[in-house]
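These notes concern the structure reproduced below.
The values are calculated or read from the model by the stated rules, or taken from the named source; none is laboratory data. Please read all numbers here as calculations on a predicted model, not as lab measurements. Note that we place each Cβ from the backbone using ideal geometry, even for glycine, and neighbour counts take in every protein chain shown. Only protein heavy atoms, including side chains, enter the accessible area calculation; ligands, DNA and RNA are left aside. Shrake-Rupley method; radii C 1.70, N 1.55, O 1.52, S 1.80 Å.
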Amino acid sequence: MKIRVIAVGRLKEDYLREAQRHFFRKISLKVPFDIVEVEDEKTSERASLKENEKTKQREGEKILACLQKNEEVILLDVGAKQMDSKQFTEFLKKSCDADKHLAFVIGGSLGIGQNVRKKASMSIGFSNLTFPHQLFRIALLEQICEAFSRIRP
């Protein structure tokens, strides 16, 4: 099994980068793991819906270029069916048992383009709340870390 997190944008705050390093070290002890950051597209706050869709499409192209052929693409999406921590752990355990290679994708501030949605095998929601995508990355890492502490103590 191998896990990668592909995220749009860089972590800007020191405390978020430190949290990412912390979870990266812990997860890497349990499973081959990597984090890939793709550059976010600059967009105006006054951009039209059409311009925003183009931005998501361009970010999606960058995400798709990072994917490896054998990876199962899992979208993290606020509108998707939610999983609690126990269900997420069970999902990772089954994926581990099947020796799957997973790519968790976190879109940018505008969301995820249709080009990436078409490639995904599933979408997961963690909450009905909307989180900044940088903070959500840390929440995902914490959940992966917690799940592997149960799967591979």
Fully extended contour minus Cα-Cα distance, from Lys12 to Ser121, at 0.36 nm per residue: 36.2 nm
Cα coordinate range in the stretch 54-141, projected on the principal axes (Å, largest first): 37, 32, 20
Degrees, to the nearest 10: 49-66 long Cα axis against longest axis of the chain: 40 degrees
Carbon/sulfur fraction of accessible area - the chain, other protein chains in place, 1.4 Å, %: 51 percent
Could you name the lysines in cross-link range of Lys30, using Cα to Cα under 17 Å and dropping any fewer than eight places away on the same chain? Lys2, Lys93, Lys94, Lys100
Where does the stretch 2-68 land on the Kirkwood hydrodynamic radius, alpha-carbon pairs, in angstrom? 13.7 Å
Determine the shape class of the stretch 108-147: with a ≥ b ≥ c the square roots of the Cα gyration tensor eigenvalues, call it rounded for a/c under 1.5, and otherwise prolate if a/b is greater than b/c, oblate otherwise. oblate
From the square roots a ≥ b ≥ c of the eigenvalues of the alpha-carbon gyration tensor of the chain, which class results: rounded (a/c under 1.5), prolate (a/b over b/c), or oblate? prolate
Roughly how many Å² is the accessible area per residue of the stretch 1-90, as a whole number, for a 1.4 Å probe? 63 Å²
Compute the helix-to-body angle for 85-97: its Cα long axis versus the longest principal axis of the chain, expressed 0 to 90° and rounded to tens. 70 degrees
Order by accessible surface, 1.4 Å probe, largest leading, for residues Arg4, Arg17 comes to Arg17, Arg4
How far is it, in nm, from the label point at Arg150 to the one at Glu51 when both lie 7 Å from their Cα along the line to the Cβ? 4.5 nm
Once the piece of chain linking Asp84 and Lys69 is laid out straight, how much longer is it, given 0.36 nm per residue of separation minus the C-alpha distance between them? 2.5 nm
Most positive-pole-ward Cα, Leu140, Phe91, Ala103, against dipole of the stretch 47-153 from beta carbon charges: Ala103
